[in-house]
There are 2 protein chains.
Amino acid sequence: MSLLVVGSVAFDSVKTPFGEAKDVLGGSASYFSVAASYFTDVRLVAVIGKDFPEEEISVFRDRNIDIDGLVSAEGETFRWEGSYGYDLNEAHTIDTRLNVFADFKPDLPRNYRESEYVFLANIDPDLQREVLSQVKNPKFVACDTMNFWIENKRDSLKETIKLVDLLVINEGEARELGEDPNLVKAARKILLWGPKRIIIKRGEYGAIMFSGMHIFVAPAYPIESVFDPTGAGDSFAGGLMGYLARADSLSEADIRRGMVCGSTMASFNVEDFSLNRIKKLNRVDIMDRYTEFKNLTHFEDLSEEEFAEMGVLT
Amino acid sequence: MSLLVVGSVAFDSVKTPFGEAKDVLGGSASYFSVAASYFTDVRLVAVIGKDFPEEEISVFRDRNIDIDGLVSAEGETFRWEGSYGYDLNEAHTIDTRLNVFADFKPDLPRNYRESEYVFLANIDPDLQREVLSQVKNPKFVACDTMNFWIENKRDSLKETIKLVDLLVINEGEARELGEDPNLVKAARKILLWGPKRIIIKRGEYGAIMFSGMHIFVAPAYPIESVFDPTGAGDSFAGGLMGYLARADSLSEADIRRGMVCGSTMASFNVEDFSLNRIKKLNRVDIMDRYTEFKNLTHFEDLSEEEFAEMGVLT
């Protein structure tokens, strides 16, 4: 099934304790679309400036991503500058220049309007709904957001959340949005607004999914050399939504598999700066890491008989 | 198999955002022994003061814990006062009075010296080795420690770690002990000193085990009403060591099951102050929660055929 993503394509300048990268390809829609491209056909909606070089566009072309929705506007491409300390869970923004992104009003190409799976990456919630209204009859819609919108456009954000099937959000943002320090309570509260599921991203601790019925915990892959966490959340969402669109299933089992595919893509993402690692994966890389997640989490049942035999003492 | 624990029996005064408790039963050996008592026979080595009331001792008696090694000394029982903010992963110590614990020189009862499984809870590493030297031929030894010993008795602590099969430690302590902000690297470094395994406790994110061959991640149970995290790490260790002693197995499969038993006990521990919840569990409570951990983490494989069928696009 086709998967549409709207978000940012940007140039990032990033410093981590392990090195730095200047003016490299970034942005939520870039990470998402490349990660998802291993699973399904992706349609990209974003805006770039006149400074965006042809060779960067080839990253999307090489992954067979549909870029009819990638428009070029007068001005400069969105730029973000940030750094990470040893706690790689937290980015420190040094500078954000929206540039052409400030006036972005997406007008979807005709064929994009038939997309079945939609991901509204972290942009203004008004814009998220504007894009969504152009899609005729989506099967499954997910969105991300950030503290800026929670703090400055809470009502509009709630409107968007009402319309989606799945909210994908960071841990701190979930507590802030749900106005509860307890993550379970915050998640339950947000679920009451409308979405069927909420997936909370916890950086090096993985991700946790809440629905009315189920909770599922997926760990992050323990990585010895984390170079740059930028884009890990979007790569996670890309792997997840890419898998779901490909499987064309929203069963609990497939949501769980999708989350592991997401964790797989996120784990590759952090191994290098920008999209350097995730743009050149192959099927065996992805398959092997998925299997490693199984090894990482598998434990055997203890049946009622075993408990009795073991004689749990009460 | 018999399980010996040496550690503290204390009175705690704790304040959390959800209430407070004054001069309630606490201490690493208390939490550990009660948690382990659901799985196997436990021998307790600790010291109490003359102020320790008979009814508190009945907590151990009711759980059939062997208290021949619980000595009463002139003076007051060890007291700890602390508080937690909304981030329940971090305790703020207000006051620590070692009292009788300051001069504690354990002399093991004769039958204790034949114990097969030994847990050296967080005490002076010199004392940990002193106790261990009194056990004739233990099958499996684990120890815990804390930042105070890492910072003030690093060499002695390394000596203890060399002698144990398993180190159980908090996340921040692991980074500090291994002198590396990356947890995987810190763990690998500590493993070179001698222990076969290291289990790192991550509070509400669960626990992660490293051995030369394997990594295993156990989540924490997502709890809507965490009242008091005090003792969660010791309850975890108690459930883990209790299960291993009962199964009398150190296989990878049983270490993993043991960690889930540990997470089960820790999840009950935080539901109330002191040992109020874990002192009155029954087999069904423990069995049901163990099964919930399975539901929480289970996802289906994706076989090579499914990956190919799905057509992961490369």
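Residues that are in a loop (DSSP other than H, G, I, E, B) and within 9 Å of another protein chain (Cβ to nearest Cβ) within the stretch B:175-186 comprise B:Pro181, B:Asn182, listed in sequence order.
Contact map, the stretch A:29-52: first residue more than 16 Å from A:Gly69 (Cα to Cα), second residue modelled with pLDDT under 95 and of a type in the set (A, V, I, L, M, F, W, C), Cβ cut-off under 6 Å, separation 6 or more or different chains; pairs are A:Tyr38/B:Val312; A:Tyr38/B:Leu313.
Count of the stretch A:253-302 residues, restricted to those that are closer than 11 Å to A:Gly239 by Cα and at the interface with another protein chain (Cβ under 7 Å from one of its Cβ atoms), is 3. Residues in the stretch B:187-210 that are at the interface with chain A (Cβ under 9 Å from one of its Cβ atoms), modelled with pLDDT of 95 or more and closer than 20 Å to A:Arg202 by Cβ: 6 in all.
One line per residue, one yes/no per condition, for (1) assigned to a helix (DSSP H, G or I); (2) closer than 22 Å to A:Phe140 by Cβ:
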residue	(1), (2)
A:Val5	no, yes
A:Asp23	no, no
A:Val34	yes, yes
A:Asp51	no, no
A:Asn64	no, yes
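Here B:Asn89 passes the criteria (1) at pLDDT below 95; (2) part of a strand (DSSP E or B) except the one numbered (2).
Yes/no matrix, rows are residues, columns are (1) in contact with an Asp or Glu (Cβ under 6 Å, 6 or more places away or on another chain); (2) of a type in the set (A, V, I, L, M, F, W, C); (3) under 17 Å from A:Gly233 (Cβ atoms):
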{"position": "A:Val9", "(1), (2), (3)": "no, yes, yes"}
{"position": "A:Val24", "(1), (2), (3)": "yes, yes, no"}
{"position": "A:Gly27", "(1), (2), (3)": "no, no, yes"}
{"position": "A:Ile67", "(1), (2), (3)": "no, yes, no"}
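Just so you know, in the stretch A:211-224 the residues that are at the interface with chain B (Cβ under 8 Å from one of its Cβ atoms) and over 22 Å from A:Ala21 (Cβ atoms) include one that is surrounded by the fewest Cβ atoms within 10 Å (Cβ to Cβ), and it is A:His214. Please verify whether the stretch B:10-21 includes one or more residues that are hydroxyl-bearing (Ser, Thr, Tyr) and either surrounded by 17 or more Cβ atoms within 10 Å (Cβ to Cβ) or closer than 30 Å to B:Lys139 by Cβ (or both). Checking the stretch B:10-21: at least one residue is hydroxyl-bearing (Ser, Thr, Tyr) and either surrounded by 17 or more Cβ atoms within 10 Å (Cβ to Cβ) or closer than 30 Å to B:Lys139 by Cβ (or both).
Which of the residues spanning the stretch A:140-159 are surrounded by fewer than 16 Cβ atoms within 10 Å (Cβ to Cβ) and touching a helix residue (DSSP H, G or I) at 6+ places or on another chain (Cβ under 6 Å)? Correct list: A:Asn147 only. B:Ile57: of a type in the set (Val, Ile, Thr), free of Cβ contacts under 8 Å to residues at least 60 places away in the same chain and crowded, with 19+ Cβ neighbours inside 10 Å, yes or no? No. Run down B:Phe268, B:Phe236, B:Phe216, B:Phe227 and say which single residue is aromatic (Phe, Trp, Tyr) and within 18 Å of B:Ser8 (Cβ to Cβ). When all the criteria are applied, what remains is B:Phe236.
Taking first residues from the stretch B:176-191 that are more than 15 Å from A:Val226 (Cα to Cα) and partners that are in a loop (DSSP other than H, G, I, E, B), the Cβ contacts under 8 Å between residues at least 6 apart in sequence or on separate chains come to B:Leu177/B:Thr145; B:Arg188/A:Glu224; B:Lys189/B:Glu179; B:Lys189/B:Asp180; B:Leu191/B:Gly212. From the list B:Arg63, B:Arg43, the one residue that fits, being within 19 Å of the chain's Cα centre (by Cα) and over 19 Å from B:Leu120 (Cα atoms), is B:Arg63. Among helices (runs of 4 or more DSSP H) entirely within the stretch A:237-314, having at least 1 residues that are closer than 29 Å to A:Val24 by Cβ singles out A:252-269, A:283-297. For A:Lys162, the conditions (1) at pLDDT 95 or above; (2) within 14 Å of chain B (Cβ to nearest Cβ); (3) surrounded by fewer than 17 Cβ atoms within 10 Å (Cβ to Cβ) all hold with the exception of (2).
Pairs meeting the criteria (first residue in the stretch B:104-122 and free of Cβ contacts under 8 Å to residues at least 60 places away in the same chain, second residue in a helix (DSSP H, G or I) and of a type outside the set (A, V, I, L, M, F, W, C), beta carbons under 9 Å, at least 6 apart or on different chains) are B:Lys105/B:Glu130. Checked against (1) part of a helix (DSSP H, G or I); (2) under 24 Å from A:Tyr243 (Cα atoms); (3) in contact with a strand residue (DSSP E or B) (Cβ under 9 Å, 6 or more places away or on another chain), A:Lys162 passes all but condition (3). Can you find even one residue in the stretch B:124-141 that is out of contact with any Lys or Arg (no Cβ under 8 Å at 6 or more places or on another chain), modelled with pLDDT of 95 or more and part of a strand (DSSP E or B)? Within the stretch B:124-141 (the criterion being out of contact with any Lys or Arg (no Cβ under 8 Å at 6 or more places or on another chain), modelled with pLDDT of 95 or more and part of a strand (DSSP E or B)), the answer is yes, since at least one residue qualifies.
For first residues located in the stretch A:225-248 and more than 12 Å from chain B (Cβ to nearest Cβ) and surrounded by fewer than 24 Cβ atoms within 10 Å (Cβ to Cβ), partners that are outside any helix (DSSP H, G or I) and modelled with pLDDT under 95 and lie 6+ apart or on another chain with Cβ distances below 7 Å form the pairs A:Pro229/A:Tyr84; A:Pro229/A:Leu88. Of the residues making up the stretch B:1-20, those that are touching a Ser or Thr at 6+ places or on another chain (Cβ under 6 Å) and among the aliphatic types (A, V, I, L, M) number 5. Of all residues in the stretch A:131-149, those satisfying the criterion of being of a type outside the set (S, T, N, Q) and in contact with a strand residue (DSSP E or B) (Cβ under 9 Å, 6 or more places away or on another chain) are A:Val131, A:Leu132, A:Val135, A:Pro138, A:Lys139, A:Phe140, A:Val141, A:Ala142, A:Cys143, A:Asp144, A:Met146.
The values are calculated or read from the model by the stated rules, or taken from the named source; none is laboratory data. Note that the structure is a prediction, hence the values are computed from the model and not measured. We place every Cβ from the backbone using ideal geometry, glycine too, and count neighbours over all the protein chains shown.
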